[in-house]
Amino acid sequence: MLHTINNRFLAFAKFALTLFAALVLSTAAQASTATLQNMQTAFNGESNAHARYLAFALQADTEGYGQVASLFRAAARAEEIHAANHAAVIQKMGAVPQAKVLAPEVKTTRENLQAAIKGETYERDTMYPDFLKQARIDRNRDAIKSLNYAKAAEAEHAKLYTEALASLDRLKGSKSMTFYVCPKCGYTTNNANLAKCPTCFTPKEKFERVA
Ligand code: FE2
Ligand code: FE2
Ligand code: FE2
């Protein structure tokens with residue numbers, strides 16, 4: 001009698017354990033899928049921003065806004081760095097980075113700056129904070145780092161684009177200007193006196209010059 005009860009209990013315990021393991025595994029899989037999808041979305045966004053800003057730079061040069069063209073080229077390089085950082089995380093998670101780069105919609109430089117500010121603001125205030133929240137839930141340190149790097153750089157891009165838009169009339173006929181881009185996190189600045197990156201502490205000597 002006791003023997004039968006023991007056997008029944010063991011069978012039940014085994015069943016409960018299996019169920020628990022399946023639940024834990026499926027929750028973990030869902031979590032990693034959410035961050036993986038977010039990283040793919042971010043990779044796609046950065047790849048498109050890179051192409052868009054290069055096209056905006058050409059338009060700015062055509063309209064005689066040399067300094068704005070330099071800013072677009074510097075930001076384009078930063079977005080390329082973000083895309084590469086996100087791609088490395090995606091690959092580490094065992095997936096293939098996927099982006100669909102569309103032909104950029106190019107308007108006047110004033111409108112292009114407005115569109116760029118809108119995109120950067122969305123990434124800074126909505127997309128990256130949301131993705132970071134999920135990455136923290138998933139405890140994905142690589143994703144958190146890459147997303148934080150991009151978020152900090154987009155905040156700077158929004159600021160630089162807003163300044164350019166505010167002084168656009170004065171920038172008509174301006175020549176190209178040197179910007180400095182952090183090769184690790186994409187931080188973008190025109191401050192030549194910077195000692196190191198405020199986001200990732202890479203020394204200024206390692207920054208890329210984009211004009
Ligand atoms: Fe970016
Ligand atoms: Fe940006
Ligand atoms: Fe940096």
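The values are calculated or read from the model by the stated rules, or taken from the named source; none is laboratory data. Here the structure is a predicted model, which is why all the values come from computation and not from measurement. When we count neighbours, we look across all protein chains shown, and the Cβ atoms used for this are built from the backbone with ideal geometry, even at glycine.
What the table below lists for this structure:
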| read-out | value |
| --- | --- |
| Matching helices (runs of 4 or more DSSP H) fully within region 93-211 where at least 3 residues are among the charged types (D, E, K, R) and either at pLDDT 95 or above or in contact with a Pro (Cβ under 6 Å, 6 or more places away or on another chain) (or both) | 109-122, 128-137, 141-166 |
| Where ASP142 falls short, out of the listed (1) surrounded by 12 or more Cβ atoms within 10 Å (Cβ to Cβ); (2) within 24 Å of ARG52 (Cα to Cα) | (2) |
| The lone exception for PHE131 - which of (1) within 16 Å of ligand 2 (Cβ to nearest atom); (2) more than 30 Å from THR108 (Cβ to Cβ); (3) free of Cβ contacts under 8 Å to residues at least 24 places away in the same chain it fails | (3) |
| Any chance LYS159 is out of contact with any His (no Cβ under 8 Å at 6 or more places or on another chain), of a type in the set (D, E, K, R) and more than 17 Å from ALA34 (Cα to Cα) | yes |
| Filter result for TYR187 (more than 23 Å from ALA88 (Cα to Cα), touching a residue at least 60 places away in the same chain (Cβ under 8 Å) and within 16 Å of ligand 2 (Cβ to nearest atom)) | no |
| Residues being more than 16 Å from ligand 2 (Cβ to nearest atom), of a type in the set (Gly, Ala, Ser) and in contact (Cβ under 8 Å) with a residue 24 or more places away in the chain - total across region 70-102 | 3 |
| ASP130 being under 13 Å from the mean Cα position of the chain (by Cα), surrounded by fewer than 18 Cβ atoms within 10 Å (Cβ to Cβ) and under 17 Å from ASN85 (Cβ atoms) | no |
| Qualifying residue in region 105-112 (condition: of a type outside the set (Val, Ile, Thr), at negative phi and crowded, with 17+ Cβ neighbours inside 10 Å) | yes |
| Whichever residue in region 96-150 is of a type in the set (Lys, Arg) and within 15 Å of ligand 1 (Cβ to nearest atom) and, among such residues, is farthest from ASP169 (Cα to Cα) | LYS145 |
| So GLU63, is it within 14 Å of ligand 1 (Cβ to nearest atom) and among the acidic types (Asp, Glu) | no |
| Every pair of residues 6+ apart whose Cβ atoms lie under 7 Å, when the first sits in region 145-170 and is within 12 Å of ARG110 (Cα to Cα) and β-branched (Val, Ile, Thr) while the second is crowded, with 16+ Cβ neighbours inside 10 Å and at pLDDT 95 or above | THR162/ILE117 |
| Of residues in region 180-196 being of a type outside the set (Phe, Trp, Tyr) and within 15 Å of ligand 1 (Cβ to nearest atom), the one farthest from the chain's Cα centre (by Cα) | THR189 |
